[in-house]
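The values are calculated or read from the model by the stated rules, or taken from the named source; none is laboratory data. Computed from a predicted model, the values in this text were never measured in an experiment. As a convention, Cβ positions derive from the backbone with ideal geometry for all residues, glycine included, and neighbour counts pool all protein chains shown. These area figures cover heavy atoms from the full protein model, side chains too; ligands, DNA and RNA do not enter into them. Shrake-Rupley method; radii C 1.70, N 1.55, O 1.52, S 1.80 Å.
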Amino acid sequence: MISFANCKINLGLNIINKRPDGYHNIETLFFPLHQADLLEVTIPGEELSKGHDYILKQTGLVVDCPPEKNILVKALYALKAVRDIPCVYMHLHKQVPMGAGLGGGSADAAALVKTLNNILSLGLSNEEMEKILSKVGADCPFFVKNTPALASGIGDILTPIEVNTLKGKYIRLIKPEIHVSTAEAYAGVTPSEPQIHIEEIIKRPISEWMGLLVNDFEKSVFKAHPQLADIKNWLLDKGAIYAAMSGSGSTIFGIFDHPFYDECDIIEAAQWTESIE
């Protein structure tokens, strides 16, 4: 069975406070996009599966980590902790850039659990799959329902929300060859309670979002990587109604009233445009 593990952007990201467990409470809005990895999942025959919990094949963008640290393997073992799962063949064709703030790996993990739930008739509810995936990564549960949601806590408490202002708009994404680690991003942030919450801001026209809908990571990440600020300004100069960094970076996106296909010549980058229906 082949599934498409799509990515997301963050609309706003407020780092509210640091928790006793070392994590941070945040406020953000996850919004799904179409750009996707391809994941093929099958149950191999006994001859191939003997002595294996899984068989993993990867093509496309290189996922540079040992198999045991691959998020697909982590998701598989999280599922095996609650269900009896046979050997699984997984072929991931990676297209969503990594270290991008787009949740590509988290989407892959969710796609695996959802696919195995279907092909093995496990009978897991969405809530049960979200609970399993929360042990893999904070934003993994979002990709179960895969609809716009306000995220709080460490990003794992999800509240469905409509973002009608984006309908009919176009989103231009630029992912330069810059990697920003989550640890690096959090190290430069001073947590604070936002003066106005994201839920209220997104009800306003997009033309009013700049300066209100903020990503708290931008200040320190842009200081360390000035080219990201250059890309954001380039998008605004090209007519974006709103532009921001997604998550902890390094993808920068701009929202436009019209299709936008000009190539950003500031830095070598992966670039694409998506329409919002």
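A cut-off of 5 Å between modelled amide H atoms, ignoring neighbours fewer than 5 places along the same chain, links residue 242 with 255.
For segment 215-277, the equivalent ellipsoid built from the Cα gyration tensor has semi-axes of 20, 13, 10 Å, listed from largest to smallest.
Distances between placed amide hydrogens fall under 5 Å for residue 215 paired with 13, all partners being 5 or more residues away or on another chain. Calculated accessible area for the chain comes out at 47 Å² per residue, all protein chains present (probe 1.4 Å; ligands, DNA, RNA ignored). Length available on full extension from residue 2 to residue 162: 0.36 nm per residue minus the Cα-Cα distance, which gives 54.7 nm. Split the accessible area of segment 181-277 by element, probe 1.4 Å, and carbon with sulfur accounts for 48%. What the phi angles of segment 112-119 give under the Karplus curve with 6.51, -1.76 and 1.60, with θ = phi - 60°, is a coupling list of 4, 5, 5, 5, 5, 4, 6, 6 Hz, glycine and proline written as x. The heavy atoms of residue 166 offer some 0 square angstrom of accessible surface to a 1.4 angstrom probe. At 1.4 Å probe size, with the rest of the protein present, what percent of the exposed accessible area of segment 30-159 is carbon and sulfur atoms? The nonpolar share, carbon plus sulfur, comes to 52 percent.
On average over all directions, what projected area in square nanometres does the chain have, based on the convex hull of its Cα atoms?
Values: hull surface 58.9 nm².
Result: 14.7 nm².
Across the chain, C-alpha contacts under 8 Å between residues 6 or more apart give a mean separation that, scaled by the residue count, equals a relative contact order of 23 percent. For segment 243-254, putting each phi into the Karplus relation 6.51 cos²θ - 1.76 cosθ + 1.60 with θ = phi - 60° gives couplings of 9, 6, 8, 8, x, 8, x, 10, 6, 10, 10, x Hz, in residue order, rounded to whole numbers and with x for Gly and Pro.
Binning all Cα-Cα separations of segment 125-234 at 5 Å, short to long from zero, yields these whole-percent fractions: 2, 9, 15, 17, 20, 22, 12, 3, 1.
Spread over its residues, the convex hull of the C-alpha atoms of segment 151-193 is 141 Å³ per residue. Go through 124, 197, 93 and say which Cα lies farthest out towards the positive end of the charge dipole of the chain; charges sit on Cβ, +1 for Lys and Arg, -1 for Asp and Glu. It is 124, whose Cα lies furthest towards the positive end. Cα-based radius of gyration for segment 1-86, normalised by 2.2 N^0.38 Å, reads 1.46.
Residue-wise HN-Hα couplings along segment 9-21, as the Karplus relation 6.51 cos²θ - 1.76 cosθ + 1.60 with θ = phi - 60° gives them from phi, are 10, 9, 9, x, 7, 9, 8, 7, 6, 9, 8, x, 7 Hz; Gly and Pro carry x.
Here segment 121-172 is described by how far its Cα atoms reach on the three principal axes: 38, 28, 20 Å, from widest to narrowest.
With r defined as the distance between the Cβ atoms of residue 128 and residue 93 and R0 fixed at 30 Å, what FRET efficiency is calculated, to the nearest 0.05?
Details: r = 28 Å, r/R0 = 0.92.
Calculated transfer efficiency: 0.60.
Relative to one another, the C-alpha centroids of segment 216-277 and segment 75-89 are positioned 38 Å apart.
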